[in-house]
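Engineer: One structure coming up, written as structure tokens, with questions to follow.
The values are calculated or read from the model by the stated rules, or taken from the named source; none is laboratory data. These figures come from a predicted structure and were not determined experimentally. Reconstructed Cβ throughout: ideal geometry from the backbone, glycine too, with neighbour counts over all protein chains shown.
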Amino acid sequence: MTAPALTLFDTPAETRLAPIVREHRPRVAPPAPGMLLRAVLALMVFMILGAVAVPAMAEGTAPRLRGDITARRDVLTLGDLVENIPSALADRPLFRAPALGSTGTIQTRRIAEAASALGLAGVETGGRMQIAVQRAARRVGPSEIEAALKRSLETGYGLDTALTTIRLDGEAPLMLAPVDLAGQASAIDMVYDPRSHRVSALVSLGERQASLRVSGVVVEMREVAVLARNVGRGEPLREGDVTTERRPRDGLPGDVQVGATAALGEVAQHGLTAGTILREGDTAPPDLVARGETVTIIYSTPGISLSMRGLANDSGKMGAVVNVVNVASKKVLQTTVVGPGRVSVGPSGGPQLQASAQVR
């Protein structure tokens, strides 16, 4: 006898499907105020530790060469040459610096050995074999030296140096001094000969921390008028044509023109080239009366004033005496130029002028 077929409801107990049960998750409670405070404190501690740790890491970096440097003192210290080192070792002297204003070199091997002797090993050289060291210096040149000599000449010898210059012996003397040596240079132990104008002194800075023995000649200068361009004969001088320059007094002619404006408006008496030192005879006021020009003859005395036409026989500047023919009387008069195309005649020419006036 065959077994009956199973139906859904005849399923054995061990194969029956279990009902789905939906689990309920517990709700998360908000953090308590105490927990938030502890979190904020922890974050602040972390930030403080980070701020302290960064410099500590920087201090812990390996010592390294600074490279080429400029020295300001006589001695080079470990801190001058190597960075990232303990402060206690920074001022330890290692080498002497080059002379003022000069440049020297140091082998990096020697720097590493000197640092190792102080207990500082492993200096990074960056592959360099040597470094250059330049010694800084204050340079006192000819202009400062000349100024120091002039001050001493004024105070020690009463010499007015406003129009003087000093030609120093040698080629541009130069005094080198430490860069931190301030103040102006002074000239001491000076000797000056008024006849030869020779001067010598010791120029120094500070308490003779830097000094240089110099000598030279005091040259008295004079301001003279010098042409700035070529000027042809009879050409007037205008503004900008003449400049003022200082030239040594010795060797200058006695009739040089000393001002740049005195010759303005005057005309060249002969051809002049640029750079020429003007002399009194090089220029002159222009003629106000030209030869053959019709001029006005003026005769004036108290109570009488006459004017007539005349013909100039000569050319003349202001104040010059020229001969003029009275057109009416045909008489030749000696007159004085008083303006452009105007001449004046004295009382001696009065009757002739009056007769001419009557004829007219």
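Engineer: Name the residue that is surrounded by the fewest Cβ atoms within 10 Å (Cβ to Cβ), counting only residues in the stretch 112-159 that are assigned to a helix (DSSP H, G or I), of a type in the set (Gly, Ala, Ser) and touching a strand residue (DSSP E or B) at 6+ places or on another chain (Cβ under 7 Å).
Structural biologist: Residue satisfying both the conditions and the ranking: 156.
Engineer: A further question on this structure: Only one of 191, 218 is crowded, with 16+ Cβ neighbours inside 10 Å, assigned to a strand (DSSP E or B) and either out of contact with any Gly (no Cβ under 6 Å at 6 or more places or on another chain) or of a type in the set (Val, Ile, Thr) (or both). Can you tell me which?
Structural biologist: After ruling out the rest, the residue left standing is 218.
Engineer: For residue 176, state whether it is in a helix (DSSP H, G or I) and either modelled with pLDDT of 95 or more or not charged (D, E, K, R) (or both).
Structural biologist: no
Engineer: Let me ask another. In the set 306, 278, 264, which member is assigned by TED's automatic domain parsing to the domain that holds residue 346 and not basic (Lys, Arg)?
Structural biologist: After applying the criteria, what remains is 306.
Engineer: While we're on this one: Being over 30 Å from residue 237 (Cα atoms) and without any contact (Cβ under 8 Å) to a residue 24 or more places away in the chain is the filter here; which residues of the stretch 286-326 pass it?
Structural biologist: 302, 303, 305, 307, 309, 325
Engineer: Could I ask something else about it? Answer yes or no as to whether residue 162 is within 20 Å of residue 246 (Cβ to Cβ), modelled with pLDDT of 95 or more and not in a strand (DSSP E or B).
Structural biologist: Taking the combined requirement at face value, the residue does not satisfy it.
Engineer: Still on this structure: Out of (1) closer than 27 Å to residue 276 by Cβ; (2) in a loop (DSSP other than H, G, I, E, B); (3) among the charged types (D, E, K, R), what's the single condition that is false for residue 207?
Structural biologist: Going through the list (1) closer than 27 Å to residue 276 by Cβ; (2) in a loop (DSSP other than H, G, I, E, B); (3) among the charged types (D, E, K, R), residue 207 breaks only (1).
Engineer: Identify all residues within the stretch 258-285 that are within 19 Å of residue 318 (Cβ to Cβ), assigned to a loop (DSSP other than H, G, I, E, B) and among the hydroxyl-bearing types (Ser, Thr, Tyr); write none if there are none.
Structural biologist: 261
Engineer: Given the conditions (1) of a type in the set (Asp, Glu); (2) under 30 Å from residue 172 (Cβ atoms); (3) assigned to a loop (DSSP other than H, G, I, E, B), report the number of the one that residue 239 does not fulfil.
Structural biologist: (2)
Engineer: Now, a different point. Can you name the residue in the stretch 54-92 that is loosely packed, with under 12 Cβ neighbours inside 10 Å and of a type in the set (Val, Ile, Thr) and, of all such residues, is modelled with the highest pLDDT?
Structural biologist: Checked the stretch 54-92; the qualifying residue modelled with the highest pLDDT is 61.
Engineer: Please note which strands (runs of 3 or more DSSP E) are completely contained in the stretch 290-339 and include at least 2 residues that are within 27 Å of residue 265 (Cβ to Cβ) and in contact with an Asp or Glu (Cβ under 6 Å, 6 or more places away or on another chain).
Structural biologist: 321-326
Engineer: Give the number of residues within the stretch 244-257 that are exposed (fewer than 12 other Cβ atoms within 10 Å of the Cβ) and either on the phi < 0 side of the Ramachandran plot or part of a strand (DSSP E or B) (or both).
Structural biologist: 4
Engineer: Does any residue of the stretch 229-239 turn out to be outside the structural domain of residue 159 (by TED's automatic domain parsing), of a type outside the set (Phe, Trp, Tyr) and free of Cβ contacts under 8 Å to residues at least 24 places away in the same chain? Reasoning before the result, please.
Structural biologist: To start, the set of residues in the stretch 229-239 that are outside the structural domain of residue 159 (by TED's automatic domain parsing) comprises 229-239.
Of the ones still in play, those that are also of a type outside the set (Phe, Trp, Tyr) are 229-239.
Remaining after also requiring free of Cβ contacts under 8 Å to residues at least 24 places away in the same chain: none.
No, the conditions are met nowhere in the stretch 229-239.
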